[in-house]
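Beneath this line is the structure, given in structure tokens, with notes to follow.
The values are calculated or read from the model by the stated rules, or taken from the named source; none is laboratory data. Being a predicted model, the structure only gives us computed values, none of them experimental. Cβ sites come from the backbone with ideal geometry, for glycine too, and all protein chains shown count toward neighbours. SASA here: full protein model, heavy atoms, side chains in, ligands and nucleic acids out. Shrake-Rupley method; radii C 1.70, N 1.55, O 1.52, S 1.80 Å.
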Amino acid sequence: MKEFVLQDDFDLSEAQIDYQKELNPEQLNVVLNGDGACLVLAGAGSGKTRTITYRVAYLLERGVSPESILLVTFTNKAAKEMLSRVEGLLGRYPTGLWGGTFHSIANRLLRIYGSQLGYSNNFTILDQEDAKSLIKVCIKALNVDTTSRRFPSPAKVHAMISYAQNSGRVMSDVIESKYPSFMEMAPVIERIAELYAQRKRQADAMDFDDLLLKLRELLYHHEGVRQKLAHQFEYVLVDEYQDTNVVQAEIIRQLASEHGNVLVVGDDAQSIYSFRAAEIRNILGFPQTYAETKTFRLTTNYRSSPEILAVANSSITQNRDQFKKELTAVRSSLERPSLVPASNAAQEAQFIAQKILALREEGMPLSEMAVLFRAAFHSQTLEFELMKRDIPYEYRGGLKFFERAHVKDIVSHLRIRQNPKDEVAWMRILGLLNGVGLASAETMASQFKDYDSLSEILNGNPKIPKRAHAGWEGLRKTLEKMAREEHPAELIRAVIAGDYRDYLEAEYPDFMDRLEDLEQFALFAEGYVSLQTFLDEVSLTGEYGALREEGGVEDEEKMVLSTIHQAKGLEWDAVFVMHLVDGKFPIGAALDEDGGLEEERRLFYVATTRARKELFFTYPITSGYDTLMLSQPSLFLQELPEGLLEEVKLKAAVSRPVHGSFSDSEWNDGPTIVFDDLGERTQKPMPKMSFLRDVDEL
């Protein structure tokens, strides 16, 4: 084993822990020589948590006081896990050690020193709902007219304020770059932000962003406090440094300003949270920020097979802004990851579901399988297929498709088209309108029970409260379009094209993702000719798991469906990365943003490195139903060298599904896509993927 020169006279032979036995050479080097400014580039599956834990234990064994150690993480779970491991190693809890999230550490410090900024030591912390409620009060106090044109919701205004604060940018710049449709309202939004800050101060309250902002203010403008804290924290350790924003990085710099012992651990290749204002430049620029930085690399991967790592290593080399490193596998060699082109989204879902059942039959638990996707709407067809086959799943990164508010809104519109007496659906729809409260919605909905069709309602003379006139007129235009349509897909698109789109944009920071959900919903609805049948099946999805089919999975064990963002830090034996189509992954919008394509590639890298043993990349060759469009495989697949992937050739053709019910065993006639023909075409731009493995099941 490599000999290490220690930076002090601590005798390892007297240590309680056998560090040389417990750690690999890369990890041991960090643990023993982590004084000064240290950048630890920890590749996926390289034992990052283990390294930090042993570093903390080593400092304590060396005689460093627990009160002098600050361990900062991004989740309370991570902090508790690390401290629990330290306790297990030393046989005692490190009482006095400062460990926790950025926000929890900031809260503790502000409870002590907040009076320097004019706060009491029992100030209130506003959660997200509290913050939105206060912004709503500010909007009302400024007499903002939110009815003449749909004004951004309190939640969206709060998202604008939060991003501006965490990114260190002025509000007008944030609105111009991220919310351009509200640019003419920028002066009003800025006044709301100012009043919001004023009201918080008057109430002796802080929101989550304030905890960091006020701590930074304290450290920068109160020299005595900075000196005291920086002197106390002899060692500062930061986990997941690639996810820090500019405010967090500045806080760490101030707290480490006396002793200079700041050890940050992270992986620039897994920096995927720019939408939360995370700044990759914090980790890339660390050697320039801290003089005489020592850089360590943890590249021994304990998670994935060599074949999976070959794909990850090859993909990430395409990024220009990065620290170069190559992961090396400890696991034995296994099969190459599979590339699975499917004729359409339905066949893609069928393959994934069938492969999941096959793996389970081979002895792999469902809990060791995951399907990952770039955006939530990519999973909709698969969710139907999993329910059809009675495969239980847990959804990460949001709600299951039919539990999402915007999907329920659309379904309510369809329900009143089918049954205009549906009071519950009317209440939901009317509640979306400006100027309509609960009482007004009840009054309006009660009138509609006397009509037998939408046309009768529109041609009638329902009484509309004065404040609701503008909102009703917008809805009326949508209903007029719906009255002329019968096909479920066109009805969905009629709603999306109306005032409901403006509602989404004003209400939700992620409104584009929600629109994508609804377009995917419309595409799925193309397979139905009867609105009643469509509504019946959608209504039954929540209870479908109770309808056990022969051969169904009957235990509580569940597989995972997850966005890639939510999957970071997790791992499974088998991983499916689905819908790898150019324009969807990478998403088109990323190509227009500075550094956007490289962040998308880092997402692909994160998805790839979640797999231990088996990895499947899937994508549909066509999309649409009546009009078929050919899709190109993701750029990230096309970039891979020849021989890294094994292509799976699905033999069976898939027809357009014209659905009757979940129990249908066959699909009706429709334009057929023969996979073999299209499969040949995919070989031209990707000749390197020539090794085919036939799959007879599909």
- prompt: Between their Cα atoms, which of 48/80; 80/325; 77/132 are more than 22 Å away from each other?
  reply: 80/325; 77/132
query: ³J(HN,Hα) across segment 563-578 via Karplus (A = 6.51, B = -1.76, C = 1.60, θ = phi - 60°), whole Hz, x for Gly/Pro?
result: 5, 5, 4, 6, 8, 4, x, 10, 7, 9, 5, 10, 10, 10, 10, 9
query: Taking amide hydrogens as modeled 1.01 Å from N in the peptide plane, which residues meet the under 5 Å criterion relative to residue 301, leaving out close sequence neighbours?
result: 328, 329, 330
query: Using modelled amide H (1.01 Å from N, peptide plane; none on Pro or chain starts), what sits under 5 Å from the amide H of residue 580, excluding residues fewer than 5 places away?
result: 618, 619
- prompt: Once you treat every alpha carbon in segment 140-179 as an equal point and sum by Debye, what is log10 I(q)/I(0) at q = 0.34 Å⁻¹?
  reply: -1.09
- prompt: Per the helix-only calculation at 222 nm, which mean residue ellipticity applies to the chain, given -39500 (n - 2.57) for every DSSP H run of n ≥ 4 and division by its residues, nearest 500 deg cm²/dmol?
  reply: -13000 deg cm²/dmol
- prompt: Mean separation of Cα pairs under 8 Å and 6+ residues apart, divided by the residue count of the chain: what relative contact order is that in percent?
  reply: 16 percent
task: Whole number in Å², please: accessible area per residue of the chain, 1.4 Å probe, ligands, DNA and RNA not counted.
output: 43 Å²
- prompt: Measuring from centroid to centroid over Cα atoms, what is the spacing of segment 344-381 and segment 400-422 in Å?
  reply: 27 Å
- prompt: Once both labels are modelled 7 Å past Cα along the beta-carbon direction, what's the residue 81-residue 642 spacing in nm?
  reply: 4.2 nm
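Assign one of three labels to segment 402-526, namely rounded, prolate or oblate, based on the Cα gyration tensor with a ≥ b ≥ c the square roots of its eigenvalues; rounded applies when a/c is under 1.5, prolate when it is not and a/b is larger than b/c, and oblate otherwise. Mind dumping the intermediate values first?
Numbers: a/c = 1.86, a/b = 1.31, b/c = 1.42.
Verdict is oblate for segment 402-526.
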Packing-based ranking, highest mean first, of 244-256, 273-285, 335-347 given that Cβ atoms within 10 Å are counted: 335-347, 244-256, 273-285
query: Could you state the number of Å between the C-alpha centres of segment 76-105 and segment 504-518?
result: 39 Å
Charge sum, other residues only, whose C-beta stays under 13 Å from residue 562's C-beta, Lys/Arg counted +1 and Asp/Glu -1: +3
message: Compute the angle between helix 186-202 and the longest alpha-carbon principal axis of the chain, please, reported from 0 to 90 degrees and rounded to the nearest 10.
response: 50 degrees
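Mind checking the alpha-carbon convex hull of segment 329-467 and giving the volume per residue in Å³?
Details: hull volume 24.1 nm³, N = 139.
With only Cα atoms used, segment 329-467 gives 173 Å³ per residue.
Translational diffusion coefficient, Stokes-Einstein: compute it for segment 316-387 using the Kirkwood radius over C-alpha pairs as Rh, at 25 °C and 0.890 mPa s, and state it as an integer in µm² s⁻¹.
D, rounded to a whole number, is 161 µm²/s.
Once the other residues with Cβ under 13 Å from the Cβ of residue 231 are scored (Lys, Arg +1; Asp, Glu -1), what is the net sum?
On the way: positive: 226, 228; negative: 67, 223, 234, 258.
Every neighbour counted, the sum reads -2.
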For segment 435-493, radius of gyration divided by Kirkwood radius, i.e. Rg to Rh on alpha-carbons: 0.99
- line: As a Kirkwood estimate from alpha-carbon pairs, segment 172-225 has a hydrodynamic radius in angstrom of 13.1 Å
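Which semi-axes, in whole Å and largest first, does the equivalent ellipsoid of segment 51-189 have when worked out from the alpha carbon gyration tensor as the square roots of 5 times its eigenvalues? Could the numbers behind the result be given before it?
Values: eigenvalues 371, 57, 32 Å².
Semi-axes from the Cα gyration tensor: 43, 17, 13 Å.
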query: What angle, in degrees between 0 and 90 and rounded to the nearest 10, separates the Cα long axis of helix 208-221 from the longest principal axis of the Cα atoms of the chain?
result: 30 degrees
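For residue 438, what charge total do you get from the other residues with a beta carbon under 14 Å from its beta carbon, if Lys and Arg give +1 and Asp and Glu give -1?
Details: positive: 428, 467; negative: 423, 442.
Its environment carries a net charge of 0.
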message: So for segment 68-133, considering every pair of alpha-carbon atoms, how many percent are separated by more than 16 Å?
response: 59 percent
- request: Could you run the Karplus curve 6.51 cos²θ - 1.76 cosθ + 1.60 with θ = phi - 60° over segment 326-342 and give me ³J(HN,Hα) per residue in whole Hz, x for Gly and Pro?
  value: 10, 6, 10, 7, 9, 5, 6, 5, 10, 5, 5, x, 9, 9, 10, x, 10
- prompt: With each pseudo-label sitting 7 Å past Cα toward Cβ, what's the residue 14-residue 629 distance in nm, one decimal?
  reply: 7.1 nm
message: Angle check, please: helix 48-61 long axis (alpha carbons) against the longest principal axis of the chain (alpha carbons), in degrees 0 to 90, nearest 10.
response: 30 degrees
- request: Determine, for each peptide in 308-317, 71-80, the mean count of other beta carbons within 10 angstrom over its residues, then list the peptides with the highest first.
  value: 308-317, 71-80
- request: Give the span of the chain's Cα atoms along each principal axis, as three whole-Å numbers ordered largest to smallest.
  value: 88, 67, 43
- request: Using only the Cα atoms of segment 273-399, each taken as one equal point scatterer with no solvent, compute I(q) by the Debye sum, divide by I(0), and report log10 of the ratio at q = 0.09, 0.17, 0.20, 0.23 Å⁻¹.
  value: -0.43, -1.14, -1.27, -1.36
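If you roll a 1.4 Å probe over segment 248-369 with all protein chains in place, what percent of the accessible area is carbon or sulfur? Can you show the working numbers first?
Values: 2110 of 4790 Å².
C and S fraction of accessible area: 44 percent.
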- prompt: For segment 422-522, what % of the accessible area comes from carbon and sulfur atoms, probe 1.4 Å?
  reply: 46 percent
query: Out of residues 5 or more away from residue 101 or on other chains, whose amide H comes under 5 Å of its own, with H placed 1.01 Å from N in the peptide plane?
result: 73
statement: Karplus ³J(HN,Hα) for segment 415-429 (6.51 cos²θ - 1.76 cosθ + 1.60, θ = phi - 60°; Hz, whole; x = Gly/Pro) runs 5, 6, 5, 7, 9, x, 8, 6, 5, 4, 5, 4, 4, 5, 5
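Where the eigenvalues come from the Cα gyration tensor of segment 1-112, what are the semi-axes √(5λ) of the equivalent ellipsoid, largest first, in whole Å? Let's see the in-between values first.
Values: eigenvalues 117, 52, 36 Å².
Those come to 24, 16, 13 Å.
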message: Let me test this: with uniform point scatterers at the alpha carbons of segment 132-245, what is the Debye-based log₁₀ I(q)/I(0) at q = 0.16, 0.22 1/Å?
response: -0.84, -1.26
- prompt: From the Cα gyration tensor of segment 392-476, with a ≥ b ≥ c the square roots of its eigenvalues, which class applies: rounded if a/c is under 1.5, or else prolate if a/b is larger than b/c, or else oblate?
  reply: prolate
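Using Cα pairs closer than 8 Å and at least 6 residues apart in sequence, work out the relative contact order for segment 417-517, in percent.
Values: 82 pairs, mean separation 23.8, N = 101.
Relative contact order of segment 417-517: 24 percent.
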